[in-house]
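I have placed the structure first, in the form of structure tokens, so that the comments after it can refer back to it.
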Amino acid sequence: MTRDGEPDVAGGPAARERWSRLQQAFHETLTVSADARDASISAHAQGDALFAAQLHAMLAADAGPDTLIDRGLAVAARDVMSDDAGTLPALRQVGPWRLLRLIGQGGMASVYLAERADLGSTAAVKLLHHAWLSPARRERFSAEQRTLARLNHPCIAHLYDAGSADDGTPWIAMEYVEGESLTAYANRASLTIAARLQCMRLVCEAVQHAHANLVVHRDLKPSNVLVTAAGQVKLLDFGIAKQLELATDDAARTRTGMQLMTPAYAAPEQLRGELTGIYTDVYALGVILYELLTGQLPFDLAGRSAASAEALVSAGTAERPSVVARREGRERGLGATAWAELDVICQTAMHSDRARRYRTVDALLRDLDHFSRSEPLQARPDSTVYRASRFARRHRTPLLASAAALMLLVALSTVYTLRVRDARDTAVTEAARAQQIQRFTLSLFDGTEDSGEPGDSLRAVTLIERGVREAATLGREPVVQAELFQTLGGTFQKLGRLERADSLLQQSLRARRAIGSRHPDVARSLVALGLLRVEQARLPEGEQLVREGLALATATRPAGHRDIATATSALGRVLEERAAYADAITVMREALRLHVALDPRSVDVAAAATQLGNDYFYAGEYAAADSQFAFSLDVARGLYGDRHPLVADALINRGAVQFQRGEYVAAERLDRDGMAIVERVYGPDDPRTASALTMLGRALVAQSRFDEAVPLVQRALTIRERVYGPVSPKVASTLNELGTMALRQKHFDAADSCFARNIEIYRAVYKGPHNLLGTAMSNRASVASARGDNVAAERQLREALVVFAQTLPPEHLDIGIVRVKLGRSLLRQRRFAEGERESAAGLKILLAQTSPATSFVTNARADLAIMYDSLGESAKAAAVRGR
């Protein structure tokens, strides 16, 4: 039985009522301490021995271990062979926390009340059961820890601390919340409908905060919402929460969807084991609201199989809350109209078709606010009669007093409406004209990106230049002209004609500033020009322009506007280029949140997820990066199929992650699939094709397939030097692969020349520490080491570590690689103790993030064995050889 497993209960109204009481009693008793459970069971049973026995059985099943299927054979065997599964742990101290008493227990973990003597504070400390036997369970526990760490909201229980006990048991310390479940509190306090909706609003705000941080709870129910004696609402238990970027893990999706949920509050797609997301939490919030309003659950799942439960919920045939409230005498003073609107809110949140639910929790919140202010609901058809009736209810007295004036107002409004309609038609005509010109212009570029079809770039440039001449004649329509200049400039930028793009984007900016220096469109021009400066490797100017554009968009556009989201993404791009990866991740998480709020399955979401994945990648967080790239790939394929450039980007990015993990064959496969799309769409001489060629060449070099790699990478260098000039990070990226090939083929002069030029480029562009500069220094040190000049190699590697220390986290994979290389240079100088420290530290970093079969790992182990032998530590040498 899962946490809310259902005992067999006979059918009929009496049985349904009994099952409803059992469920409510189960949820409420789960929230009280172990010492108080017997009293709670007695209070709920009210002398009914069978009821008490059934409730005892449900609680015992919840506290017991998972089923054999859930646990795995190892855990099952351990339980059979030992009799201590139910005893308390021997440890009484975890980190700074002293365990006081057990306050909750389930199949996965136990929760203890704990205190911290030095601070005099209390916490709820959660310990994982059998952590050493179940990697999946450890990962789920770690995921809960990561989830709580990213959430900071007054209505969410806070994470205080985390770690592992002396015996390796993982633990997390959370805010200790003493209170009742949401429904128990509402019923005991006899809350009015308004008070219940206010509690519901606080729950929604907490869930909305989680969604804004890309976390879906997936197990929302009243027992996971506690209300303190002071009336403070606290959302708990993110144990099966999911990050949105992990939504493409099909295996995990089915497993968690089928097992880790509470059926009474689960959405139809959850019961079917399908993809879960924001819409899943919206459904659960609808069920909680239904229960708060009526005192009952919307569906009677008593005694039903999983299949029949899913069929019932999918049919969406729940009684309207107003009907239940009227039958149970729970109208609480509300009239029929108000109850009809509560019906609409509940039914929209709980719709069986997720596409017809509230798209976000924020949308549900807005309708709760509309209801409380007697305003029209967004979820209701927006008819004139409906709006008028709501207006009349709010302004009944003034309307009755001014009936005659209203007739005059209607007449004037008619005239005004006609004028507005004319003005609107004019505006629509102008907008349609601008869009038509833009579509025509964009269709000349590579057959348009949306179509994914190849185009003749020379013909496109010729026709785009004709479009520029046409746009120059629109001086009497400055708004349209400025928009066209920006569109045409962006098109030239995509084609790699950066000087022409520069001229047009500056013309667009001048035209918009002439209309008004604080006009919102000025912000768009500033951001576009700033991104061009980034591509031109003029980072300080690019950052200044983008920040100015973001500030202006924020000041002149409503919150959540697309221009703000676009400008935020642009700032993230600038920070990424500056190697400020931690800041870039923060900014891009906000950008992704804004884009998801606008449209969760849009091209902007795919692009923002890709950019956030890049930031995680450069920061060395490869699992997080791959999750973002997988999410982007899923969105792109959903929008455009399998042959779009966005799909290619995601494939190549996932290939980069595989490369970093040492999975070179897998990286090559992904790179080839991506490059085939890019070259078909953009042609053989486009800068985007050059980027794909570089990545594929790198995967081939790692496999020593130089004959295949050399022509690809040389072709990429030719394209990039033509487009970006000789001093560009993109040129340096391709030079790095040529240098690596030359080094592997023992062409040391050619390799040293490539890496030396890289160093010059990065110093000229970044004018300070940058992780790419450190990489170039490390690569040049490899040339010195291959030549036998270990003193020069040591000097260059230490310089690289200084740069990395200023730009990367201490456990970054690149730092591990450099420390292993430094250990080898010290070994060759017979400085064994120093070399052992560097090689051991580097190996530890590598093993945490990459395959044990990579050359750096095997080299580090071989070097350590030699150094341990030289230091007289033969046992350590044998151990490292035997791993």
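The values are calculated or read from the model by the stated rules, or taken from the named source; none is laboratory data. Worth saying up front: this structure is predicted, and the values here are computed from it rather than measured. As a convention, Cβ positions derive from the backbone with ideal geometry for all residues, glycine included, and neighbour counts pool all protein chains shown. With ligands, DNA and RNA removed, areas are computed over all heavy atoms of the protein, side chains included. Shrake-Rupley method; radii C 1.70, N 1.55, O 1.52, S 1.80 Å.
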| Within the set of pairs 6+ apart or on separate chains, which have a first residue in the range 505-519 that is within 18 Å of Ala555 (Cα to Cα) and open to solvent by 60 Å² or more (accessible area, probe 1.4 Å), a second that is in a loop (DSSP other than H, G, I, E, B) and not charged (D, E, K, R), and C-beta atoms under 9 Å apart? | Arg513/His519
| task | Would you tally the residues in the range 303-337 being surrounded by 11 or more Cβ atoms within 10 Å (Cβ to Cβ) and hydroxyl-bearing (Ser, Thr, Tyr)? | result | 4
| message | Take the residues in the range 697-727 that are among the hydroxyl-bearing types (Ser, Thr, Tyr) and at pLDDT below 90; name whichever of them is most open to solvent (accessible area, probe 1.4 Å). | response | Ser704
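Okay, residues lined up against (1) over 30 Å from Gln806 (Cα atoms); (2) out of contact with any Phe, Trp or Tyr (no Cβ under 9 Å at 6 or more places or on another chain); (3) aliphatic (A, V, I, L, M); (4) in a helix (DSSP H, G or I):
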{"residue": "Thr566", "(1), (2), (3), (4)": "no, yes, no, yes"}
{"residue": "Gly572", "(1), (2), (3), (4)": "no, yes, no, yes"}
{"residue": "Ala623", "(1), (2), (3), (4)": "no, no, yes, yes"}
{"residue": "Asp649", "(1), (2), (3), (4)": "no, no, no, yes"}
| message | So, in the range 341-360, how many residues would count as being assigned to a helix (DSSP H, G or I), of a type in the set (A, V, I, L, M) and within 25 Å of the chain's Cα centre (by Cα)? | response | 2
| Positions within the range 668-687 being open to solvent by 20 Å² or more (accessible area, probe 1.4 Å) and in contact with a Pro (Cβ under 7 Å, 6 or more places away or on another chain), in sequence order | Arg680
| Qualifying positions in the range 717-731 - in a helix (DSSP H, G or I) and within 21 Å of Phe492 (Cβ to Cβ) | Thr718, Ile719, Arg720, Glu721, Arg722, Val723, Tyr724, Pro729, Lys730, Val731
| said: Based on this model, can you work out whether Gly835 counts as touching a Lys or Arg at 6+ places or on another chain (Cβ under 8 Å), without any contact (Cβ under 8 Å) to a residue 40 or more places away in the chain and open to solvent by less than 10 Å² (accessible area, probe 1.4 Å)? | reply: yes
| query | Looking only at the range 139-166, which residues are open to solvent by 60 Å² or more (accessible area, probe 1.4 Å) and modelled with pLDDT of 70 or more? | reply | Asn152, Pro154, Tyr160, Ser164, Asp166
| note | Taking the range 338-363 and keeping residues open to solvent by less than 40 Å² (accessible area, probe 1.4 Å) and either in contact with a Ser or Thr (Cβ under 8 Å, 6 or more places away or on another chain) or among the basic types (Lys, Arg) (or both) leaves Trp339, Ala340, Leu342, Asp343, Ser352, Arg357, Tyr358
| request: Please determine, by comparing only the residues of the range 556-577 that are within 14 Å of Tyr616 (Cα to Cα) and charged (D, E, K, R), which one is surrounded by the fewest Cβ atoms within 10 Å (Cβ to Cβ). | output: Glu577
| request: Among residues belonging to the range 751-798 that are among the polar types (S, T, N, Q) and free of Cβ contacts under 8 Å to residues at least 24 places away in the same chain, point out the one that is most open to solvent (accessible area, probe 1.4 Å). | output: Ser753
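Every residue, every condition in (1) buried (at least 20 other Cβ atoms within 10 Å of the Cβ); (2) in contact (Cβ under 8 Å) with a residue 60 or more places away in the chain, yes or no:
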position: Val177; (1), (2): no, no
position: Tyr185; (1), (2): yes, no
position: Thr192; (1), (2): no, yes
position: Cys204; (1), (2): yes, yes
position: His209; (1), (2): no, no
position: Val215; (1), (2): yes, yes
position: Ser223; (1), (2): yes, yes
position: Thr228; (1), (2): no, no
position: Val233; (1), (2): yes, yes
| remark: Per the filter on the range 661-696, residues within 13 Å of Ile719 (Cβ to Cβ) and of a type in the set (Asp, Glu) are Glu679, Asp685, Asp686
| query | at pLDDT 90 or above and under 17 Å from the mean Cα position of the chain (by Cα), is that true of Asn614? | reply | no
| Pick from Leu827, Leu864, Leu801: which is touching a residue at least 12 places away in the same chain (Cβ under 8 Å), buried (at least 23 other Cβ atoms within 10 Å of the Cβ) and part of a helix (DSSP H, G or I)? | Leu864
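I'd like the full set of residues that are touching a residue at least 24 places away in the same chain (Cβ under 8 Å) and either on the phi > 0 side of the Ramachandran plot or part of a helix (DSSP H, G or I) (or both), limited to the range 699-716.
Residues satisfying the conditions are Ala699, Leu700, Val701, Ala702, Ser704, Phe706, Ala709, Val710, Val713, Gln714, Arg715, Ala716.
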| remark: Expected single match for out of contact with any Ser or Thr (no Cβ under 7 Å at 6 or more places or on another chain) and not aromatic (Phe, Trp, Tyr) among Val701, Val657, Val678 is Val657
| remark: By residue number, the members of the range 584-602 that are open to solvent by less than 20 Å² (accessible area, probe 1.4 Å) and more than 13 Å from the chain's Cα centre (by Cα) are Ala584, Ser602
